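Asks: One structure follows; several queries about it will come next.
Coordinate-derived values only; no laboratory data. Since this is a predicted model, take the numbers as computed values, not measurements. No Cβ is skipped: glycine too gets one built from the backbone with ideal geometry, and neighbour counts run over all protein chains shown.
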Amino acid sequence: MIIPSSPLVPENDPSVLFNTAGMQPLVPYLMGQAHPSGSRRIADVQKCVRTTDIDEVGDNTHLTFFEMLGNWSLGDYFKSDAIKWSFEFLTSKEEGLGLDPCRLYVTVFEGDDNAPLDNESLQIWTEIFETLGLDPKKRIFALSAKSNWWSPGSNGPCGPDSEMFYDITGELINGLTKEEFLIADKEQRVVEIWNDVFMEYEKESDKVIGKLKNKNVDTGSGLERITCVVQGKKSVYDTDLFESIINKITELSNRQDERSARIIADHMRATAFLIADGVLPSNTDQGYVLRRLMRRSIKYADALGMNEGSLVLLVGTIIEKYKESYPQIGDCKDIIESEVRKEEEKFRKTLQKGIRQFEKISNSMISGQDAFILFSTYGFPLELTVELAKEKGIEVDLEGFEKEMKDHQELSRTSTAGKFKGGLAGQSNETTALHTVTHLLLSGLRKELGHDIHQAGSNITAERLRFDFNYHQKVGRDVLDRIEEYVNNIISQGCYVKSEIMSKEDAKTNGVEGSFWEKYPEQVTVYTIIGKNGEVFSRELCGGPHVQSSDDFKGRLKILKEEASSAGVRRIKAILQ
């Protein structure tokens, strides 16, 4: 069953800001819930944003936005078929990509306290390479959990993986020792192109607590990397995925610098997709990440001598490349261009203030604290501070800056630990209850504010829910109190949750409430909350976890806060107490 990509911002109870891997939208089904399609074999192309390696962007392989090709076995085939089919697809000239098996290297999980050596995968790969007359000891390497154990959060499905690497130089066909392989990987002479994750374990608080209901396979392959290999390029930025935007950047530049052009290409591509999926620049959460990408683009555009306002000219080039596969990005052209234009204007005003502050503090040395204040308060990239200091013949305390940055990051981790704990797409009793109550909250909002109110996003932890909805003005406390009373009356009188699978077309025809319809397959799950007297309070399209009855709520809804989230979007923060 081919399913569409989910939005970049996770819809159902995310523990992360973005979908960073193809598996995230499918967690409920990896945990044992039946997929609405009825199929146990799923394939998709998932849009992803990942910024953990942002400083590496501009090399041959790293990106912030990428497309992950995935196919999934939900309790169906397992290691033997997955590995053999992966190898067949990569190397078959008739039905696959026709890659040279002599340039292929693989890794398996070496074992630790959570799980033993993945000997089964090791033996399957050994047989494959021996059949080809290649020495398995020079092709297969057992590595630690840091490399070969996949778990996107502290809780949830996890397991060992087997990764496939390809020699992009064509010079490593005779095999490598483990040490030589690790060096080649670090130097990007071999590039990971495929990953088979064998999800058979469940983790809680970073510890394996047992086996999943089903043995699942998550096969992932980055489109950009596999394209690089198939097209015989040494960098993802040399493929036709980036050709038009790199050419446009070159056309608009007065100076040439390969890394700067690559960073702009990546960041602006991410920017376009994020805005198309509803993210706008801000100082918190997803909006902060977007703002950082946009401002880094401006910095590197200046380094290339691009004129002010040039970045907005890249938007049309990006849209032209992707509008056929993702029509939504084409529909959002005006708003993407508008946000890029506004953010550049805002950043340049901030930079002017930063330069004035720099002039005040620049003497014999810029302290680490001052450099960090320029960075955090005035949006001054460290590289710009160093550049201006160099022009004045003074130094910047880089070690002091790094210390300030680490202290800031540690504080951020501490303050947001509650926000994102609970694991990927939290499956705990608390998050499940809070997720279900958002259905009643939306029902109450529609009752009070009108039926044109729809969900615009959510974020749920074990402690609280955060719910975004479209509305043009502040919601008064008296209205919030009535919504609270409405939800709590339903909880107190008793209700139960019914799930049913139907076609997406039937769901729309029957008036089922839902957001992000484009992310769902043709068969969808509809959750209905019904009172004991048979009254229907909510009937909504959803893919998240739900309680079975009001007995599972174990508390009353308390709306703590209502505020603006972005233009035309309001946000409610609430708890069950």
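Asks: In percent, what relative contact order does segment 263-420 have, based on Cα pairs under 8 Å that are 6 or more apart in sequence? Don't skip to the answer; put the middle values down first.
Replies: Numbers: 150 pairs, mean separation 27.7, N = 158.
Contact order relative to length: 18 percent.
Asks: Determine the dipole magnitude for segment 263-420: charges of +1 sit on the beta-carbon of Lys and Arg, -1 on that of Asp and Glu, nothing else is charged, the reference point is the Cα centre, and the result goes in debye to the nearest 20. Walk me through the numbers before you get to the answer.
Replies: Details: 23 positive and 26 negative charges, 54 e Å.
Dipole size: approximately 260 debye.
Asks: Are there any trypsin sites (Lys or Arg not before Pro) in segment 237-316 that are in a DSSP loop and have at most 14 other Cβ atoms within 10 Å? List them by number.
Replies: Working: sites: K248, R255, R259, R262, R269, R291, R292, R295, R296, K299; in loops: R255.
Sparse-neighbourhood loop trypsin sites (Lys or Arg not before Pro): R255.
Asks: Return the calculated 222 nm mean residue ellipticity for the chain, to the nearest 500 deg cm²/dmol, obtained by summing -39500 (n - 2.57) across DSSP H runs with n ≥ 4 and dividing by the residue count.
Replies: Numbers: 18 runs with 233 residues, N = 577.
It comes out at -13000 deg cm²/dmol, rounded to the nearest 500.
Asks: By count of other Cβ within 10 Å, fewest leading, how are M306, M405 ordered? Numbers along the way, then the final one.
Replies: Details: M306 24, M405 16.
Neighbour counts put them in this order, fewest first: M405, M306.
Asks: To continue, here is another question. Does segment 263-420 classify as rounded, prolate or oblate by the C-alpha gyration tensor (a ≥ b ≥ c root eigenvalues; a/c under 1.5 gives rounded; else a/b over b/c gives prolate, otherwise oblate)?
Replies: Oblate, because a/c is 1.5 or more while a/b does not exceed b/c.
Asks: Between beta-carbons, use under 13 Å as the cut-off and find the net charge around G531, counting Lys and Arg +1, Asp and Glu -1.
Replies: Details: positive: K498, K532, R539; negative: E535.
Value of the local net charge: +2.
Asks: Taking the dipole about the Cα centre of the chain, with the C-beta of Lys and Arg at +1 and of Asp and Glu at -1, give me whichever of G32, G70, F198 is farthest to the positive side.
Replies: G32
Asks: Now, a different point. For a quick check: with amide H placed at 1.01 Å from N, whose amide H comes under 5 Å from C495's, ignoring anything fewer than 5 positions away on the same chain?
Replies: S550, D551
Asks: Looking at the chain, send over the antiparallel percent of its DSSP beta bridges, to the nearest 5.
Replies: Values: 75 of 83 bridges.
Looking only at bridges with both residues in the chain, the antiparallel portion is about 90 percent.
Asks: Mind jotting down the distance between the C-alpha centroids of segment 340-385 and segment 118-182, whole Å?
Replies: Rounded to whole Å, the Cα centres lie 46 Å apart.
Asks: Also, quick follow-up: Here are some values of semi-axes √(5λ) of the Cα gyration tensor in Å: (i) 39, 35, 22; (ii) 54, 30, 19; (iii) 47, 25, 22. Which one was computed from this structure?
Replies: (i)
Asks: If each residue's Cβ is checked for other Cβ atoms within 10 Å, how do H546, H451 rank with the fewest at the top? Each step should come with its number before you reach the end.
Replies: On the way: H546 20, H451 10.
The most exposed by this proxy come first: H451, H546.
Asks: When only DSSP loop residues count, what trypsin sites (Lys or Arg not before Pro) in segment 492-554 have their Cβ near at most 16 other Cβ atoms within 10 Å? Mind dumping the intermediate values first?
Replies: Values: sites: K498, K504, K508, K519, K532, R539, K554; in loops: K532, K554.
Those that pass, being in a loop and sparsely packed, are K532, K554.
Asks: Which of E179, E513, E320 comes first, and how do the rest follow, when ranked by fewest Cβ neighbours within 10 Å? Display every interim value, and only then the final one.
Replies: Working: E179 9, E513 19, E320 14.
If I rank by nearby Cβ atoms, fewest first, I get E179, E320, E513.
Asks: With a cut-off of at most 15 other beta carbons within 10 Å, and DSSP calling the residue loop, which GluC sites (Glu not before Pro) in segment 34-104 qualify? Please list them. Working shown, then result.
Replies: Values: sites: E56, E67, E88, E94, E95; in loops: E94, E95.
Hits after loop and neighbour filter: E94, E95.
Asks: Then there is this: With a ≥ b ≥ c the root eigenvalues of the C-alpha gyration tensor of segment 134-207, is it rounded (a/c under 1.5), prolate (a/b larger than b/c) or oblate? Mind showing how you got there, number by number?
Replies: Details: a/c = 2.71, a/b = 2.44, b/c = 1.11.
Prolate is the answer for segment 134-207, as a/c is 1.5 or above and a/b outweighs b/c.
Asks: Further, regarding this structure: At N363 and K406, where each label point lies 7 Å from the Cα along Cα→Cβ, what is the point-to-point distance in nanometres?
Replies: Placing both labels 7 Å along Cα→Cβ, they lie 2.7 nm apart.
Asks: Right, something else. Within 10 Å, count the other beta carbons around each residue, average over each peptide in 564-570, 195-201, and list them highest first.
Replies: 195-201, 564-570
Asks: In whole angstrom, note down how far apart the Cα centers of segment 499-551 and segment 237-261 are.
Replies: Taking the Cα centre of segment 237-261 as reference, the centre of segment 499-551 is 46 Å away.
Asks: Moving on. Starting from the Cα-Cα distance between E387 and N254, subtract it from 0.36 nm times their residue separation and give me the gain in nm to one decimal. Don't skip to the answer; put the middle values down first.
Replies: On the way: separation 133, 0.36 × 133 = 47.88 nm, distance 1.90 nm.
Full extension of this stretch gives 46.0 nm more.
Asks: Separate question: Expressed in nm to one decimal, what extension gain is obtained for the pair Q548 and N174 from 0.36 nm per residue of sequence separation less their Cα-Cα distance? Spell out each step's value before the answer.
Replies: Values: separation 374, 0.36 × 374 = 134.64 nm, distance 5.84 nm.
So the extension gain works out to 128.8 nm.
Asks: Could you tell me the calculated FRET efficiency between D206 and E56, based on Cβ-Cβ distance and R0 = 25 angstrom, to the nearest 0.05?
Replies: Values: r = 25 Å, r/R0 = 1.00.
So, using R0 = 25 Å, E works out to roughly 0.50.
Asks: Oh, and also: Can you give the extra length, in nm with one decimal, that the chain gains between R477 and I355 once fully stretched, where that is 0.36 nm per residue apart less the Cα-Cα distance?
Replies: Working: separation 122, 0.36 × 122 = 43.92 nm, distance 4.32 nm.
Full extension from R477 to I355 adds 39.6 nm.
Asks: Follow-up question, since we're still on this one. Using the Cα centre as the reference, give the magnitude of the dipole from point charges on the C-beta atoms of the chain (Lys, Arg: +1; Asp, Glu: -1; all else neutral), rounded to the nearest 20 debye. Provide the component values of the computation, followed by the final result.
Replies: Working: 71 positive and 91 negative charges, 340 e Å.
With Lys and Arg at +1 and Asp and Glu at -1, about 1640 debye.
Asks: Kindly state, to the nearest 0.05, the FRET efficiency for K146 paired with E522, given R0 = 41 Å and r defined as their beta-carbon distance.
Replies: Values: r = 39 Å, r/R0 = 0.96.
The value I calculate is 0.55.
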